[in-house]
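A quick write-up on the structure given underneath.
The values are calculated or read from the model by the stated rules, or taken from the named source; none is laboratory data. Because the structure is a prediction, the values reported are computed rather than measured. Cβ sites come from the backbone with ideal geometry, for glycine too, and all protein chains shown count toward neighbours.
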Amino acid sequence: MNGLTTIGDNKDTSAPLSRLYLRPDEAARVIGVSRRTLASWQATCVIGFRRVGRTILFPVADIQAALDRYRIAPIGEPQPTRKRRIQRIAAPEPTVP
């Protein structure tokens, strides 16, 4: 070859190169939603994306984070604890007779 390496040239290794970004059609297929649903999530900032010129790319990490945010725990699995803001009510000061 000419000394340049591309993603497809690395066929002799057992571990394939993982992709960091997916195009919209690929991301919709991986998630299992329509392209229109993905565009809606993109418009409402449910899922993160990058715009490079006219190309839109979805980072695999952002796809996973978006799916984890809306995960519903199965029965029997402890619910994650959420920090609740406790408002303290001041007790009335005692009056001296």
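Considering only residues that are among the polar types (S, T, N, Q) and in contact (Cβ under 8 Å) with a residue 24 or more places away in the chain, which ones fall in region 27-45?
Those that are among the polar types (S, T, N, Q) and in contact (Cβ under 8 Å) with a residue 24 or more places away in the chain: none in region 27-45.
Conditions tested, residue by residue: (1) in contact (Cβ under 8 Å) with a residue 12 or more places away in the chain; (2) outside any strand (DSSP E or B); (3) among the basic types (Lys, Arg).
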{"residue": "ILE47", "(1), (2), (3)": "yes, yes, no"}
{"residue": "PHE58", "(1), (2), (3)": "yes, no, no"}
{"residue": "LEU67", "(1), (2), (3)": "yes, yes, no"}
{"residue": "PRO78", "(1), (2), (3)": "no, yes, no"}
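Tell me, yes or no, whether region 2-12 has at least one residue that is part of a loop (DSSP other than H, G, I, E, B), among the basic types (Lys, Arg) and at pLDDT 90 or above.
no
Out of LEU38, LEU57, I need the residue that is surrounded by 13 or more Cβ atoms within 10 Å (Cβ to Cβ) and over 19 Å from SER18 (Cβ atoms). Which one?
From the options LEU38, LEU57, the qualifying one is LEU38.
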